[in-house]
Amino acid sequence: MRLDLEPIRRIDKPKHKRRAQKRAERGKFSKMIRDEIKKECDGLCQECGKRGHHLHHVMPKSRGGRGVKTNALLLCNECHKNVHADNARLKYWIEEFRKRFGKNFYKDREDLEREAWEKTSCGG
């Protein structure tokens, strides 16, 4: 049977709304969070005190870091580059945020609810 002779059927998008955000969306900082962090930090870099431009994920998205307020660090351009280039700086900020906000500082509500559900349903 040749597949190239069969007609292609269009599949409609589902009409329901997603219960959970897509993973990529969960890693982004919302405008509300960006504004709150900038206001709390007076718009200053948390490393050097210059004007901050970037919200840095303290726990990187590649390691499960979400776009939550307790995972945001306001940095200037130079310090943002330095934190990405220097693993020791990254580790410092991760430990600092663990002390400030607890071990789950980088997780969102969905992560925490899933973990609680897994503990109760798996008997752990």
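The label-point distance for residue 28 and residue 62, in a model that sets each label 7 Å from Cα toward Cβ, rounds to 2.2 nm.
Which whole-number value in Å² is the accessible area per residue of the chain, probe 1.4 Å? Don't skip to the end; give the middle numbers.
Values: 9830 Å² over 124 residues.
Each residue of the chain exposes 79 Å² on average to a 1.4 Å probe.
Can you list residues whose amide H is under 5 Å from residue 44's amide H, if they're 5+ apart or on another chain and H is modeled 1.01 Å from N? The list, which skips near neighbours in sequence, is 52. Comparing mean-square fluctuations of 37, 94, 11 from a GNM of the chain with C-alpha springs under 10 Å, the top value falls on 11.
Close amide H pairs (under 5 Å, H built 1.01 Å from N) link residue 27 with 67, residues at least 5 positions away or on another chain.
Candidate values (1) 15.1; (2) 17.1; (3) 15.5 were compared with Kirkwood radius over Cα pairs in Å computed on the shown model; the agreeing label is (2). Each label point is 7 Å from the Cα along the Cα-to-Cβ direction; what then is the distance between the points at residue 40 and residue 95, in nm? Distance between the two pseudo-spin positions: 2.2 nm.
Say the cut-off is 25 Å between C-alpha atoms; which of 15/119; 13/107; 50/91; 38/81 go over it? Don't jump to the answer; show the numbers that get you there.
Numbers: 15/119 33 Å; 13/107 30 Å; 50/91 22 Å; 38/81 19 Å.
In this structure, 15/119; 13/107 exceed 25 Å between Cα atoms.
Between helix 31-40 and the chain there is an angle of about 10 degrees, using the helix long axis and the longest principal axis of the Cα atoms. Axis of helix 87-101 versus longest Cα principal axis of the chain: the two differ by about 90°, to the nearest ten degrees.
If each DSSP helix of 4+ residues adds -39,500 (n - 2.57) and the sum is divided by the residues in the chain, what number results at 222 nm, nearest 500 deg cm²/dmol? Show your work: numbers first, answer last.
Details: 5 runs with 51 residues, N = 124.
Calculated mean residue ellipticity at 222 nm is -12000 deg cm²/dmol.
The values are calculated or read from the model by the stated rules, or taken from the named source; none is laboratory data. None of the values given here were measured: they were computed from a predicted structure. Here the Cβ is made from the backbone with ideal geometry for all residues, glycine too, and neighbour counts use every protein chain on show. Note: areas computed on protein heavy atoms with side chains; ligands, DNA, RNA excluded. Shrake-Rupley method; radii C 1.70, N 1.55, O 1.52, S 1.80 Å.
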